[in-house]
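The values are calculated or read from the model by the stated rules, or taken from the named source; none is laboratory data. Owing to the predicted nature of the structure, the values given are computational and were not obtained by experimental measurement. Quick reminder, even Gly has a Cβ in these numbers, built from the backbone with ideal geometry, and neighbours come from all protein chains shown.
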């Protein structure tokens with residue numbers, strides 16, 4: 001009897017084990033089937049996304065992640081779903097119109113197509129799609145269609161938009177400033193910085209103020225040189241002083257040219273001794289210095305002998321030499337001026 005009971009126990013235990021194994025196999029099959037289904041759904045969602053069927057794509061992304069959160073496609077699906085939700089106005093119609101151009105290089109480079117998109121965007125709801133249309137079209141107008149005025153108009157809207165994030169605002173403000181600096185309108189460039197307000201890159205305002213200082217110095221340098229020439233000519237050509245000025249220049253021109261050559265060659269030699277140095281500014285400054293020195297000598301010979309007059313001439317001529325140096329650096333490479341904070 002005991003042997004029979006033991007056999008029954010063994011038989012029951014075996015049946016239990018078989019049942020557990022069967023259930024485990026069924027569960028594993030169900031998990032595999034669920035993962036395969038999720039993979040197929042996510043793959044189809046990506047295809048719908050490519051086909052601009054964004055509503056179906058969003059549904060597929062959500063369903064696929066729900067079925068298999070651990071799928072390798074799940075992180076991308078989650079990120080893309082979040083983007084689609086932010087562009088879902090009017091059942092994705094505006095977003096599909098924008099994406100159709102952004103994804104097609106031929107349409108993106110077709111001015112009438114971009115113009116039509118911009119016109120339609122005026123009627124879009126205020127949101128990310130409208131903002132991205134302005135950014136996309138501004139880039140096309142500025143770089144592909146050579147229509148900077150249209151680019152400025154759209155960038156103004158981007159900078160002022162409450163929808164734009166900080167990164168977008170900073171990029172738009174810098175592009176807008178670059179366009180206005182390109183047409184030498186520093187007042188408008190400063191207005192762009194002010195429009196961005198505290199969302200602008202702090203360095204952008206400093207750059208604009210540096211350009212304004214540089215513009216002021218440029219005008220001052222030109223004014224000083226022009227004033228120096230006019231005053232020297234006025235003194236040399238009136239009161240019978242022309243002969244004095246001419247004789248002074250004739251006596252001194254070799255010395256003055258030699259001095260300018262010394263400045264040019266000496267500076268060039270010193271600059272070439274540095275790894276990053278360049279002799280070009282010194283050579284050009286030496287050439288420009290020759291007429292400045294000749295005018296200064298003529299003015300000195302024809303000018304008044306009083307102490308005040310001599311001091312005034314010396315100050316004006318020194319300012320003229322500095323102005324000439326500034327204009328040379330500005331012309332050759334503004335990087336030299338930036339290194340001096342200008």
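Selection within region 67-100: residues that are in contact (Cβ under 8 Å) with a residue 12 or more places away in the chain and more than 24 Å from residue 131 (Cβ to Cβ). The member of this set that is surrounded by the most Cβ atoms within 10 Å (Cβ to Cβ) is 77.
For the structure I just gave you, tell me whether residue 95 is under 28 Å from the mean Cα position of the chain (by Cα), modelled with pLDDT under 95 and assigned to a loop (DSSP other than H, G, I, E, B).
Considered against the rule, which asks whether it is under 28 Å from the mean Cα position of the chain (by Cα), modelled with pLDDT under 95 and assigned to a loop (DSSP other than H, G, I, E, B), residue 95 comes out as no.
Criterion applied to 160, 164, 137 was being modelled with pLDDT under 95, within 27 Å of residue 200 (Cβ to Cβ) and crowded, with 19+ Cβ neighbours inside 10 Å, and the one residue passing it is 164.
Considering region 275-342, the qualifying helices (runs of 4 or more DSSP H), each wholly inside and each with 1 or more residues that are at pLDDT 80 or above, run over 280-302, 307-332.
Here residue 145 meets the list (1) crowded, with 16+ Cβ neighbours inside 10 Å; (2) outside the structural domain of residue 125 (by TED's automatic domain parsing); (3) not in a helix (DSSP H, G or I) almost entirely, failing just condition (2). Just to verify a result, which residue in region 230-243, among those that are assigned to a helix (DSSP H, G or I) and more than 20 Å from residue 311 (Cα to Cα), is farthest from the chain's Cα centre (by Cα)? So, considering only residues that are assigned to a helix (DSSP H, G or I) and more than 20 Å from residue 311 (Cα to Cα), the one farthest from the chain's Cα centre (by Cα) is 243.
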